[in-house]
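Each remark here refers to the structure printed beneath this line.
The values are calculated or read from the model by the stated rules, or taken from the named source; none is laboratory data. On a predicted model such as this, the values are computed, not experimentally measured, just so you know. Note that we place each Cβ from the backbone using ideal geometry, even for glycine, and neighbour counts take in every protein chain shown.
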Protein chains: 2
Amino acid sequence: MSAVAVHGVGTSHFGRQPERDAIALAHDAVREALTDAGVDRVDAVWVGTVFGPAGVAQRTLRALGITGVPVLTVENACASGTTAFLEAHEAVRTGRYGRVLALGIEQMSTAFSGAITPEPSDPEQRGGLALPALYAMSAARYLHLGAVTPAELAAVSVKNHAHALHNPRAQYSGSYTVEQVLGSRMIADPLTVLQCCPTSDGAAAAVLAPATGGPREVRVRGAALRSGRVWDHSSPHVWGYDIVRDTTADALAAAGLHAATDVDVVEVHDAFTIGEIVTTEALGLVPEGAGGKAAAAGVTALGGTHPVNPSGGLLSRGHPLGATGLAQLAEITWQLRGEAGGRQVDGARLGLVETMGGGVSVLDGNACVVAVLEGP
Amino acid sequence: MSAVAVHGVGTSHFGRQPERDAIALAHDAVREALTDAGVDRVDAVWVGTVFGPAGVAQRTLRALGITGVPVLTVENACASGTTAFLEAHEAVRTGRYGRVLALGIEQMSTAFSGAITPEPSDPEQRGGLALPALYAMSAARYLHLGAVTPAELAAVSVKNHAHALHNPRAQYSGSYTVEQVLGSRMIADPLTVLQCCPTSDGAAAAVLAPATGGPREVRVRGAALRSGRVWDHSSPHVWGYDIVRDTTADALAAAGLHAATDVDVVEVHDAFTIGEIVTTEALGLVPEGAGGKAAAAGVTALGGTHPVNPSGGLLSRGHPLGATGLAQLAEITWQLRGEAGGRQVDGARLGLVETMGGGVSVLDGNACVVAVLEGP
C-alpha cells in the first residue's frame with residue numbers, strides 16, 4: 001500500500017457557460033492539472049458526472065492526446081466528483097495504477113432550465129419534495145427548535161459570497177447584507193435565492209500518484225465513503241446529519257486525527273445555507289445547534305477559528321454536480337500549498353473536503369465522501 | 001491480496017418487459033444471487049447501468065432490506081456490468097470490502113423505441129454511423145476480403161438462437177436456417193434483423209468474496225479492463241479487434257494461462273453476428289479470418305471444440321446494456337458448476353467472459369473487460 005498525494009489540480013471557470021461544451025470545460029481542467037503536476041501522461045482516469053454526455057471524458061482526453069488508458073465513469077449524485085477522487089485514490093493506494101487522473105464534469109445549463117427535473121418514478125420528487133424543499137424542511141426544523149435564526153441562515157450566504165470576491169473562477173460573488181439575502185426571491189420557505197446554489201457548468205481535475213515528499217505535494221491522509229440508510233425517522237437529526245458525522249469519523253480515523261477541529265480549512269457541501277450549518281455541526285467543527293451562531297459570529301469565515309468554504313462554496317463558486325467534489329479538492333490543495341491568494345487561510349497545514357450527494361428519492365438515502373489532506 | 005471467488009449469481013428474465021420496472025428486475029437478480037451465495041448481507045455494492053435511472057440500486061437494495069452499505073454506480077457503455085464486476089473483484093482482492101455485490105441493470109424498452117438515440121454532440125452518430133452501421137462496416141470489410149461469407153455470418157445467429165432453446169430466461173430462441181436469417185428484414189447491409197441483438201430489459205447480479213475452496217465457488221483467475229484508443233486507421237483490423245486481443249492477453253496473463261484455447265467455454269459480446277466472429281478471432285480461439293468458418297462448421301457450437309455463447313449470447317438471450325456483463329458471468333458460473341442444464345458444456349472447468357463497450361462516438365474509442373474463471 002502506497003501513501004498517496006495530489007500532485008496537481010485544475011479547474012475550469014464556473015458559471016453558466018452554455019456557449020462552451022462540456023469537453024471544452026473539461027479540457028481546461030485537465031490541462032491545468034497535468035501542467036500543475038508537471039506530467040503529460042496518466043495510467044488511468046476516473047470520471048465523475050451525473051448528467052454528462054457519454055464519452056465526454058474520452059473526447060476530452062483525445063483532445064489532449066491521451067488515448068488508450070482505462071477510463072471509468074462513476075455516478076454518485078452530488079458526490080460523483082469526490083467519488084472519482086476516492087476511487088483514483090484507492091487505485092494508487094493499492095498499486096493498481098501508478099498515476100491516476102480524477103476528473104469531474106457537469107454542464108447543467110444546456111440540460112435543464114431551472115431546477116433538476118424530477119425522476120418520474122420518484123414519489124417524493126413528484127410530490128414536490130425536490131432538493132430545495134428538502135433542505136427547506138431542515139431549515140424550518142432548525143428554526144422551530146431555535147437552533148438557528150433567519151439572520152444566521154443568511155450569514156452563511158453573506159460569508160460565502162464575500163469569500164468568492166477573492167476567487168476569480170467563482171460563478172457569483174458580492175458584498176451582500178443579511179437583509180439583502182433575506183429579501184431576495186423566495187425559493188422554498190425559508191430559503192431565498194441567495195441561499196441556494198446556482199445552476200452551473202464546470203469541470204475540475206486532480207492528478208494522484210504515490211507520495212514522494214515533493215515540495216508541492218498534498219498528501220491524502222484519509223478518505224471515506226458511505227451510502228446512507230433510508231431516511232431514519234428515529235434519528236433526532238435532520239436529513240444528512242448522521243451520514244456526514246459517520247463518514248467524517250471514518251475519514252478522521254483513517255487520517256489518524258481525533259477531531260475535525262484539528263483541521264485548518266474545510267470545503268463542505270453548502271448547496272443551501274442550512275446545509276453548511278448542519279454540516280459544520282455534523283463534522284464536529286462546532287457543537288450541535290451552534291452552526292448558525294458560528295457563521296454569524298465569523299467563526300467559519302476567513303480569519304475565524306474554523307474557516308469554511310474559502311472558495312465561496314457551492315453557493316457562490318457554483319455547483320456543477322459531478323465537478324463539485326474535485327473543485328473542493330482543488331481549493332483545499334491550493335490552500336495547503338499557500339497558493340489561494342486573497343482567500344488564503346494563513347498557515348493551513350491540514351484540510352478537509354466533504355461532499356454529500358442527495359439521493360434522487362429521499363427514501364433511497366444518500367452518499368457522502370470525506371477526505372483529509374495534508375500540505376507539503 | 002485475496003483470491004476472489006464468485007459465491008452466487010442471479011438474473012431476471014430477459015426480454016421486453018415494460019410492465020415491470022427496473023427495480024423489480026434488479027430485485028429478481030439480487031435475491032437469486034444472495035440466495036445462491038447463502039447470504040443476506042453484503043458490505044458494498046457496485047452497480048453497472050448505462051441509462052439509469054438514478055437511485056435504482058438503492059431502491060432495489062432497500063426492497064431487499066439492505067441499507068447503509070456503500071453503493072457505487074459505474075458506466076462503461078456495453079461493458080458497464082462487467083466493469084461493476086471488475087471493480088467488485090478489485091475491492092475484494094485488495095481487502096477493501098469483504099463481500100461485494102455486483103449488479104447490472106437496464107430497462108431499455110421504456111427508454112427507447114427502436115435504436116438508441118444518437119448523442120446530439122456526436123458527429124458520427126448524427127451522420128448515421130450508429131452501432132448497427134458500424135458493425136455492418138466490419139461485416140462488409142470481412143466480406144470484401146473473403147474472410148467471411150453471408151452464410152457464415154448467418155451461422156452465428158442460427159447457432160445462438162439454437163443454444164437459447166435450452167435457456168428458459170432468453171429473450172428469443174428458435175430453430176432458424178441460414179436462409180431464414182439471411183432473408184429476415186435488413187437492418188444495416190449486410191446485417192439482417194436476426195443478426196442484431198434486440199432491445200432488452202433485464203438485470204443480473206453476482207456476489208463476490210474471498211475464495212474459501214467451497215464446493216460451489218467459482219474462482220476469478222484473472223480480469224482486465226482496457227479503454228480503446230481512437231480508431232486506429234493504421235491497424236489492419238476492424239473496429240474492436242485490437243482492444244479485445246489486448247485485453248484478453250492481459251486477462252490470460254493474470255490467470256496464468258497461455259491462450260484462450262485453454263478455456264472450455266466462453267461468453268462473448270455478440271451484439272451482431274460479425275461481432276462474435278471478430279471476437280473469436282481476437283480472443284485467439286480460432287485463427288484470424290477463420291471465425292466465420294468455425295461458426296459454420298460447428299466449432300463454436302455446443303458440442304464443438306470451442307463452444308461460444310451457450311446462453312444464446314446477446315443475439316438471443318438479449319442485451320440489456322448494463323446487465324449484459326453480469327448475465328455473461330452468471331452463465332459462465334453455472335457452466336463451471338455444471339448447472340447449465342440442456343446447454344451444459346460437458347466437463348467445463350475454465351471459462352471466459354468478454355464484453356466490449358462501444359463508445360458513443362467511434363472516434364472516442366471503446367472499452368473491453370475480459371475475465372477468466374475456474375470452476376470448483
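Just checking, which of B:T273, B:T247 is within 14 Å of another protein chain (Cβ to nearest Cβ), among the hydroxyl-bearing types (S, T, Y) and within 16 Å of the chain's Cα centre (by Cα)? None of the other options fit; the residue is B:T247.
For every residue, the table says whether it meets (1) more than 10 Å from the chain's Cα centre (by Cα); (2) aliphatic (A, V, I, L, M).
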site: A:A296; (1), (2): yes, yes
site: A:V308; (1), (2): yes, yes
site: A:S311; (1), (2): yes, no
site: A:L315; (1), (2): yes, yes
site: A:L326; (1), (2): no, yes
site: A:W334; (1), (2): yes, no
site: A:E339; (1), (2): yes, no
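Number of residues in the range A:138-157 that are crowded, with 24+ Cβ neighbours inside 10 Å and not small (G, A, S): the value is 3.
Scan the range A:83-101 for residues that are surrounded by 24 or more Cβ atoms within 10 Å (Cβ to Cβ), of a type in the set (V, I, T) and facing chain B (nearest Cβ under 9 Å) and the total you get is 1. Selection of the range A:38-58 for residues being facing chain B (nearest Cβ under 9 Å), more than 24 Å from A:C197 (Cβ to Cβ) and surrounded by fewer than 24 Cβ atoms within 10 Å (Cβ to Cβ) yields A:A44, A:A54.
For the range B:7-26, the candidate set comprises residues that are in contact (Cβ under 8 Å) with a residue 60 or more places away in the chain, surrounded by fewer than 24 Cβ atoms within 10 Å (Cβ to Cβ) and in contact with a Ser or Thr (Cβ under 6 Å, 6 or more places away or on another chain); within that set, the residue that is nearest to B:L61 (Cα to Cα) is B:P18. Residues in the range B:48-79 that are of a type outside the set (V, I, T), within 22 Å of the chain's Cα centre (by Cα) and at negative phi: B:G48, B:F51, B:P53, B:A57, B:L72, B:E75, B:N76, B:C78, B:A79. Reported count of residues in the range A:194-214, each being touching a helix residue (DSSP H, G or I) at 6+ places or on another chain (Cβ under 9 Å) and surrounded by fewer than 23 Cβ atoms within 10 Å (Cβ to Cβ), is 2. The condition of being among the basic types (K, R), out of contact with any Lys or Arg (no Cβ under 6 Å at 6 or more places or on another chain) and surrounded by fewer than 20 Cβ atoms within 10 Å (Cβ to Cβ) holds for only one of B:R349, B:R317, B:R343, that being B:R349.
Residues in the range B:11-37 that are of a type outside the set (A, V, I, L, M, F, W, C) and part of a loop (DSSP other than H, G, I, E, B) were compared, and the one that is farthest from the other protein chains (Cβ to nearest Cβ) is B:H13.
A single entry from A:T35, A:T83, A:T11 fulfils the requirement of being closer than 27 Å to B:G322 by Cβ and of a type in the set (S, T, N, Q): A:T83. Tallying residues that are outside any loop (DSSP other than H, G, I, E, B) and either at pLDDT 85 or above or small (G, A, S) (or both) within the range B:62-91 yields 20.
Name the single residue that is surrounded by the fewest Cβ atoms within 10 Å (Cβ to Cβ) among those in the range A:221-236 being in a strand (DSSP E or B) and either modelled with pLDDT under 95 or out of contact with any Leu (no Cβ under 6 Å at 6 or more places or on another chain) (or both). Spell out how you get there, then give the answer.
Here is the first cut: in the range A:221-236, the ones in a strand (DSSP E or B) are A:221-227.
Keeping just the survivors that are either modelled with pLDDT under 95 or out of contact with any Leu (no Cβ under 6 Å at 6 or more places or on another chain) (or both) gives A:221-222, A:224, A:226-227.
Details: A:R221: 21, A:G222: 19, A:A224: 21, A:R226: 27, A:S227: 26.
Per the criteria, the residue is A:G222.
Evaluation of A:A224 against the conditions (1) more than 14 Å from chain B (Cβ to nearest Cβ); (2) touching a Ser or Thr at 6+ places or on another chain (Cβ under 8 Å) shows that the sole unmet condition is (1). Only one of the numbered conditions (1) within 20 Å of the chain's Cα centre (by Cα); (2) modelled with pLDDT of 95 or more is not met by B:T199, and that is (2). Look at (1) out of contact with any strand residue (DSSP E or B) (no Cβ under 6 Å at 6 or more places or on another chain); (2) of a type in the set (V, I, T); (3) crowded, with 21+ Cβ neighbours inside 10 Å and you find that B:T35 fails only one, number (3). Against the list (1) touching a residue at least 24 places away in the same chain (Cβ under 8 Å); (2) surrounded by fewer than 19 Cβ atoms within 10 Å (Cβ to Cβ), the condition B:G68 fails is (1).
Pairs linking a residue in the range B:268-284 that is modelled with pLDDT of 95 or more to a residue that is of a type in the set (K, R), with Cβ atoms under 8 Å and 6 or more positions apart or on different chains, are B:A282/B:R245; B:L283/B:R245; B:G284/B:R245. With respect to the stated conditions, B:R41 fails to be assigned to a helix (DSSP H, G or I), over 17 Å from B:M108 (Cβ atoms) and of a type in the set (D, E, K, R). Between A:A136, A:A206, the distinction of being hydrophobic (A, V, I, L, M, F, W, C) and within 30 Å of A:R93 (Cβ to Cβ) belongs to A:A206 only.
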